[in-house]
Amino acid sequence: MELRQLEHFIAVAEEQHFTHAAELLQISQSGLSASIRALETELGSPLFVRSTRRVELTPAGRAFLDEAVRTVASATAAKNAVAAVQGVLRGTMSVGTEQCLGVLNLPQELAGFRSRHPGVEVRLSYEGSADLVAKVGAGQVDLALVAICDPDPIGLQLVPLSVESFVVLCHPSHPVAALTSVEIDRLVGESFVGFLPGWGARVLAERAFASIGSPHRVSMEVNDVHTLLDLVEHGLGIAIVPEHFARKRPDKLAAVAIDHDRLQWRVAVALPHQPSPAAKELLSQFDVSAQSAPTAAA
């Protein structure tokens with residue numbers, strides 16, 4: 001089994017099409033097909049179900065994919081580590097973040113990183129914190145900015161950046177707006193606007209409601225901050241969000257403090273236990289250190 005075969009397999013799995021994968025890899029389709037057949041022969045199992053329009057992973061292929069991705073990532077990291085010792089950063093760095101964490105100006109940070117290290121291709125994705133933590137642990141993301149939902153994630157370290165409280169955002173005419181603070185049980189039965197499952201604020205709110213034996217039902221789900229604010233502004237629901245959200249529309253939305261031990265917005269950098277040289281360098285821009293007492297799990 002060769003590394004290039006694993007790269008070929010991953011490309012076909014991601015593209016779900018041999019022709020598209022061959023174009024991406026810049027090899028002939030016949031050569032790609034031969035490489036996959038040889039890999040299947042060596043493993044003693046088909047990896048794909050082929051059709052005229054697309055290919056899909058078999059159960060064996062799905063099991064093989066995670067390990068193939070991890071192996072290729074490790075090989076790439078090894079090459080980049082040698083280059084880093086020679087004083088050159090190169091390769092690809094995958095960065096993930098949840099929207100509106102309220103800590104860093106990430107575009108500015110990435111621009112500064114690129115100017116200093118033009119040999120590193122930076123890939124950026126926006127996802128929920130729960131998914132990002134899982135991807136860092138699986139070796140699919142090099143570094144992620146996340147809201148801490150689990151203080152002891154497996155297979156990675158968390159470097160704390162900031163902590164803040166939560167508030168309830170609502171229209172000024174909503175009864176909750178007249179309060180100086182609110183207990184979570186007072187909110188049972190309200191209509192909520194919230195982020196998709198897996199986003200930090202949603203996960204933490206669900207756990208807070210679960211602690212009082214009540215479900216947190218979100219009637220309007222969004223995947224961006226501004227839409228959430230628009231819906232709340234039009235009185236279509238209230239939202240449980242980090243305190244800094246209130247500063248976005250202070251003249252149009254009321255923010256009421258909510259006190260619950262499950263509702264703390266703790267932002268951190270999530271990294272593997274052995275981060276890539278590029279990830280270490282980007283982390284150094286954030287004025288924190290991977291050795292500064294991170295929250296870690298074996």
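Count, please, the residues in region 184-198 that happen to be in contact (Cβ under 8 Å) with a residue 60 or more places away in the chain and in a strand (DSSP E or B).
Counting residues in region 184-198 that are in contact (Cβ under 8 Å) with a residue 60 or more places away in the chain and in a strand (DSSP E or B) gives 1.
Just to be sure before I move on: is D152 touching a residue at least 24 places away in the same chain (Cβ under 8 Å) and more than 15 Å from Q99 (Cβ to Cβ) in the structure I sent?
In short, yes.
When residues of region 88-121 are filtered for being among the polar types (S, T, N, Q) and exposed (fewer than 15 other Cβ atoms within 10 Å of the Cβ), how many remain?
4
Within region 45-54, is there a residue that is of a type outside the set (K, R), on the phi > 0 side of the Ramachandran plot and outside the structural domain of V136 (by TED's automatic domain parsing)?
No.
Do we find that A246 is part of a helix (DSSP H, G or I), closer than 16 Å to E164 by Cα and in contact (Cβ under 8 Å) with a residue 12 or more places away in the chain in this structure?
yes
Can you tell me which residue within region 86-125, out of those that are more than 24 Å from P160 (Cα to Cα) and assigned to a loop (DSSP other than H, G, I, E, B), is modelled with the lowest pLDDT?
The residue in question is Q86.
I'd like the full set of residues that are surrounded by fewer than 21 Cβ atoms within 10 Å (Cβ to Cβ) and either assigned to a helix (DSSP H, G or I) or modelled with pLDDT under 90 (or both), limited to region 154-183.
I154, G155, P175, V176, A177, A178, listed by residue number.
Would you mention how many residues in region 16-35 are more than 15 Å from V49 (Cβ to Cβ), out of contact with any Ser or Thr (no Cβ under 6 Å at 6 or more places or on another chain) and not small (G, A, S)?
The total comes to 8.
Quickly run through region 16-58 and pick out the residues that are at pLDDT below 90, closer than 17 Å to L3 by Cβ and not in a helix (DSSP H, G or I).
Hits for region 16-58 are Q26, I27.
For region 1-46, enumerate the residues that are over 17 Å from V72 (Cβ atoms) and in contact with a Leu (Cβ under 8 Å, 6 or more places away or on another chain).
Listed by number, the residues that qualify are F18, A22, E40.
State whether one or more residues within region 228-235 are over 21 Å from C149 (Cα atoms), of a type outside the set (A, V, I, L, M) and part of a loop (DSSP other than H, G, I, E, B).
yes
Taking the conditions exactly as written (surrounded by 14 or more Cβ atoms within 10 Å (Cβ to Cβ), in the same structural domain as E281 (by TED's automatic domain parsing), farther than 23 Å from Q264 by Cα and of a type in the set (D, E)), does E127 satisfy them or not?
So E127 does not fit the description; no.
The values are calculated or read from the model by the stated rules, or taken from the named source; none is laboratory data. All of these numbers come straight from a predicted model, not from anything done at the bench. Cβ coordinates were reconstructed from backbone atoms using ideal geometry, including for glycine residues, and neighbour counts include every protein chain displayed.
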